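The numbers here are math on the coordinates, done by the rules we state, and not lab data. Predicted, not measured: the structure shown is a model, and the values here were computed from it. All Cβ positions, even for glycine, are placed from backbone atoms using ideal geometry, and neighbour counts span all protein chains on display.
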Amino acid sequence: MIEAIHHVAIICSDYEKSKLFYTAVLGLEARNEIYRENRKSMKLDLYLNDNYVVELFSFPEPPSRPSYPEACGLRHLAFAVKDLEDVMARLERYRVNFEPIRRDEFTSKRFLFAEDPDGLPIEFYEV
């Protein structure tokens, strides 16, 4: 029935700051940026290797995330990466704080968490 995850939708509080994070920091490609007058909302489609992965929205006065990271609902967004040291260097270059590297107790793979501008947990999982 399901063939793949199509995209993840994210509502941000500061559109320009989040757009910069997802494009400049994470390296996603911005396509199809539109302003939806009827909703007073920006919408931006973000791609990774020609795959549509994130739909970034702005809305007037969105509610804050209830808590971090165990709020009910989507827990985090995870990206597969080849080298965590490269990720850490890029995050440091853009002054994005991140947690120390952890090791998955089941796969022994390494991963770490950072936050987007609204505190959404972003995981980088070394494959």
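The angle between the Cα long axis of helix 84-93 and the main principal axis of the chain comes to about 50°, on a 0 to 90 degree scale. Based on DSSP loop calls and a cut-off of at most 16 other Cβ atoms within 10 Å, the longest stretch of the chain free of exposed trypsin sites (Lys or Arg not before Pro) is what? The longest uninterrupted stretch comes out as 1-39.
Relative contact order, whole percent, for the chain stands at 22, derived from Cα pairs under 8 Å and 6 or more residues apart. Near the amide H of Ala78, within less than 5 Å, lie the amide hydrogens of Glu123, all on another chain or at least 5 residues away, with H placed in the peptide plane. Counting only DSSP H runs of at least 4 residues, each contributing -39500 (n - 2.57), and dividing by the residue count of the chain, the helix-based mean residue ellipticity at 222 nm comes to -3500 deg cm²/dmol.
Distant-in-sequence amide contacts of Met42, defined by a placed amide H-H separation under 5 Å and a gap of 5 or more residues or a different chain, comprise Arg36, Ser58. When the chymotrypsin sites (Phe, Trp or Tyr not before Pro) in the range 1-38 are filtered for DSSP coil states and for at most 14 other beta-carbon atoms within 10 Å of their beta-carbon, no site remains.
In the chain, the sites counted are GluC sites (Glu not before Pro) in DSSP loop states with at most 13 other Cβ atoms within 10 Å, and the longest stretch holding none of them, exclusive of the sites, is 4-69. For the chain, the calculated P(r) over all alpha carbon pairs, in 10 Å bins from 0 to the bin holding the longest distance, is 11, 40, 37, 10, 1 percent.
Here the gap between Asp14 and Asp50, fully extended at 0.36 nm per residue and compared with their Cα-Cα distance, gives a gain of 10.4 nm. Positive-end ranking of Tyr15, Leu26, Val54 along the dipole of the chain, with charges on Cβ about the Cα centre, is headed by Tyr15. Please label the shape of the range 1-61 as rounded, prolate or oblate, based on the square roots a ≥ b ≥ c of the eigenvalues of the alpha-carbon gyration tensor (a/c under 1.5 means rounded; beyond that, a/b larger than b/c means prolate, else oblate). Oblate is the answer for the range 1-61, as a/c is 1.5 or above yet b/c matches or exceeds a/b.
Derived scalar couplings between HN and Hα for the range 9-15 equal 9, 10, 9, 10, 8, 10, 4 Hz in order, rounded to whole Hz, by the Karplus curve 6.51 cos²θ - 1.76 cosθ + 1.60 (θ = phi - 60°), x for Gly and Pro.
Computed 3J(HN,Hα) for the range 102-119, one whole-Hz value per residue from the Karplus formula 6.51 cos²θ - 1.76 cosθ + 1.60 where θ = phi - 60°, is 10, 10, 5, 5, 9, 9, 6, 6, 8, 7, 8, 10, 10, 10, 7, x, 9, x, glycine and proline marked x. Shown for Ser58, Ser41, Ser64: other C-beta atoms within 10 Å of each C-beta, ranked fewest to most, produce the order Ser64, Ser41, Ser58.
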